[in-house]
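Reviewing the structure listed below.
The values are calculated or read from the model by the stated rules, or taken from the named source; none is laboratory data. Everything quoted here is computed from the prediction, not taken from an experiment. Note: ideal-geometry Cβ built from the backbone for every residue, glycine included; neighbour counts use all protein chains shown.
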Amino acid sequence: MKPTVFIHTNHKQLVGAIVSAYSLRCHSHHADEFEVRILHHKDYPFFQAPEGWRFLRDGGSRAWKNDDLQSFTPLRFMPPELMGYQGRAVVIDPDVFAVGDIYELLSRDMQGKTLMCVARPGHNDRPEYLASSVMLLDCARLTHWRCEEQFKEMFAFKRDYSAWIRLELEPREHIGFLEPEWNHFDTLTEQTKLLHNTKRRTQPWKTGLPKDYTVRDKGQPSYVKTQFTQVKKWFLGKSPTAGYYKRHPDPAQEAFFFGLLRDCLDQGLLTEVLLREEMRQNHLRHDTLDLLRRTPALAAA
């Protein structure tokens, strides 16, 4: 079985996943040496039954919503099973786009580690945060990953979603670390291998749309902080852009995404009909077609 890159997604991020798949192939000198598969949330029926059920997260509980922007994240743990617990796999989020050659990652020496990812110390106030949004996997050593079974454990309050996603349930000595450029968070430089537009409120293809994601629970705010927030709102008023996706602060990252999207449209990987439907459903910014008319194709460049 060829090494495979898995992109997990749902209906809200499908365009991103298609663009991501294209970027992996067009930026690799070894595109015939690996496969690319999109894992779509809708194709896994076990997600549907617990709609609205409470599940364990950060020691508390939250209702499961299949319509959430990131309802696909448990599929990060599906690839080893789909690979028959053999060979190499990379799993990435649908907002991750190749700038470098993904085959360099698929073929690298893992030095005996079970999986590799980028460490992100201090993120979300956690000193040892591990980003599972991009992972290199030795599937033969991950036979304990059983996605459906472990997903159900969240609702039995036997598995904490956050600990699962942050890889805190894996032996630390089994985890190796990738260079930051293999999961470059909203950073595009000459060193970038995989660009990750991870800040949801500024994803380039969402600008101007109403927010449709669940804000991370940061715990109960203090009384003083609550009062300060209320006073600030009273003095400053409510921003007209509050509740909406904002433009990405780096124009180069916006141009990069729309250049890839233009390629996908030109090559028939996406159709204008599909893009119009995604715009209608507020999955894609409403000025997308206008932007594409002004954006040069990356393939031509």
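Which of the residues belonging to region 1-56 are among the basic types (Lys, Arg), assigned to a strand (DSSP E or B) and either surrounded by 20 or more Cβ atoms within 10 Å (Cβ to Cβ) or touching a Leu at 6+ places or on another chain (Cβ under 9 Å) (or both)? Let's see the steps before the verdict.
Restricting attention to region 1-56, the residues satisfying the condition of being among the basic types (Lys, Arg) are 2, 12, 25, 37, 42, 54.
Adding the requirement that they be assigned to a strand (DSSP E or B) leaves 37, 54.
Once the filter is applied, which keeps residues that are among the basic types (Lys, Arg), assigned to a strand (DSSP E or B) and either surrounded by 20 or more Cβ atoms within 10 Å (Cβ to Cβ) or touching a Leu at 6+ places or on another chain (Cβ under 9 Å) (or both), region 1-56 yields only Arg37.
I need a count of the residues in region 179-194 that are part of a strand (DSSP E or B) and more than 19 Å from Pro249 (Cβ to Cβ). Steps first, please.
Start the filter on region 179-194 by keeping residues that are part of a strand (DSSP E or B), which leaves 184-185, 194.
Next, only the ones that are more than 19 Å from Pro249 (Cβ to Cβ) stay: 194.
Adding up the residues that qualify gives 1.
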- Message: Here's a check for you: in region 127-178, which residue that is closer than 25 Å to Val36 by Cα and assigned to a loop (DSSP other than H, G, I, E, B) is nearest to the chain's Cα centre (by Cα)?
- Response: Arg166
- In region 223-262, which residue that is out of contact with any helix residue (DSSP H, G or I) (no Cβ under 7 Å at 6 or more places or on another chain), farther than 17 Å from His286 by Cα and assigned to a loop (DSSP other than H, G, I, E, B) is modelled with the highest pLDDT? Asp250
- Item | Identity of the residue in region 279-301, polar (S, T, N, Q) and surrounded by 13 or more Cβ atoms within 10 Å (Cβ to Cβ), that ends up farthest from Arg201 (Cα to Cα) | Thr295
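Quick check on region 125-145. Is at least one of its residues over 22 Å from Asp186 (Cα atoms) and touching a His at 6+ places or on another chain (Cβ under 9 Å)? Talk me through it step by step, then tell me what you get.
Taking region 125-145 as the starting set, the residues that turn out to be over 22 Å from Asp186 (Cα atoms) are 137-145.
Subsequent filtering for residues that are touching a His at 6+ places or on another chain (Cβ under 9 Å) retains 141.
Yes, region 125-145 contains at least one residue that is over 22 Å from Asp186 (Cα atoms) and touching a His at 6+ places or on another chain (Cβ under 9 Å).
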- Counted residues, region 92-124 - those being in a loop (DSSP other than H, G, I, E, B) and under 11 Å from Met135 (Cα atoms): 2
